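Notes for the one structure printed next.
Each reported figure results from applying straightforward, stated rules to the coordinates on display, with no laboratory input. No experiment lies behind these values; they were computed from the predicted model shown. Note that we place each Cβ from the backbone using ideal geometry, even for glycine, and neighbour counts take in every protein chain shown.
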Amino acid sequence: MVVRAMRARRGRSLFFIDIAVPRDVESSVNDLDNVYVYDIDNLSNVVADSMRGRQAEAERAEALVSRETDAFETWAEGLSVTTTIVALRAKVKASLAGELEKSLAGRLRHLPESDRKALDTMIDAAVNKLLHAPTTRIRAMASDPGASDLVKTVHHLFDLAELAREIEEKERSVEEKGPAPEERASADASPASSDAAEAPAPARADRETVGR
């Protein structure tokens with residue numbers, strides 16, 4: 001029957017899709033010239049190949065998601081570590097500055113303004129020197145799996161949890177709202193100068209001096 005059909009078709013290709021079980025089309029039909037038979041076995045092979053391709057793509061997607069998740073967690077831990085360093089520096093500096101203020105209001109109240117400024121500079125230098133090694137090691141742990149535990153330990157030892165939250169909220173508020181109108185106007189009106197460049201916001205100054 002197929003041979004007669006091919007004669008009528010004058011050699012044009014003929015395709016059979018046979019999904020019946022058992023088969024409706026003899027497998028020998030596939031041996032005729034320009035006749036192609038696709039049965040359930042062929043379709044199963046196509047599906048299997050497609051599933052293998054999809055599985056490979058799924059594995060690639062999972063690897064990508066895992067890699068990006070790890071990168072995000074590392075980035076988030078880095079933010080937490082940076083906030084902790086800023087809070088630690090602020091806490092130590094506030095403690096030293098508080099003691100200095102008491103002395104300047106008491107037995108050192110006779111000191112001139114130049115000497116008071118020199119003592120302020122000394123406080124900054126002392127904070128930098130005192131916290132250089134701890135902050136360097138804390139920052140080096142930013143990508144370590146134990147960074148979160150380290151941050152919690154530092155918060156507990158130095159009572160930084162509340163201060164760190166305040167710093168995070170302040171920075172988040174600045175990022176969301178941007179600088180205040182008067183700050184933008186001042187920045188636009190003021191010419192660039194070395195003095196202006198040396199007077200960053202307190203939080204940013206703390207970040208920049210961590211590694212000194």
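Laid out as a table, the results:
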{"quantity": "The stretch 2-59: relative contact order as a whole-number percent, Cα under 8 Å and 6+ apart", "calculated": "30"}
{"quantity": "Extension gain (nm, one decimal) between residue 120 and residue 169, 0.36 nm per residue minus Cα-Cα", "calculated": "14.9 nm"}
{"quantity": "Counted charge near residue 41, where neighbours are those whose Cβ lies closer than 12 Å (Asp, Glu -1; Lys, Arg +1)", "calculated": "-1"}
{"quantity": "Long-range amide H partners of residue 39 with built H, under 5 Å", "calculated": "18"}
{"quantity": "Efficiency of FRET between residue 38 and residue 70 - r from beta-carbon atoms, R0 45 angstrom, step 0.05", "calculated": "0.50"}
{"quantity": "For the stretch 111-125, 3J(HN,Hα) per residue [Karplus equation, 6.51 cos²θ - 1.76 cosθ + 1.60, θ = phi - 60°, Hz, x = Gly/Pro]", "calculated": "5, x, 4, 5, 5, 5, 5, 5, 5, 4, 5, 5, 4, 4, 5"}
{"quantity": "Set of lysines near residue 102 by C-alpha distance (under 22 Å), chain-local residues within fewer than 8 positions excluded", "calculated": "91, 93, 117"}
{"quantity": "Residues residue 57 and residue 95, FRET efficiency given R0 of 41 Å [Cβ-Cβ distance, rounded to 0.05]", "calculated": "0.10"}
{"quantity": "Point-to-point label distance, residue 19-residue 46, nm (Cα→Cβ direction, 7 Å offset)", "calculated": "1.0"}
{"quantity": "Alpha-carbon centroid distance for the pair the stretch 31-102 / the stretch 139-162, whole angstrom", "calculated": "24"}
{"quantity": "Cα gyration tensor shape for the stretch 2-59, rounded if a/c is under 1.5, else prolate or oblate", "calculated": "prolate"}
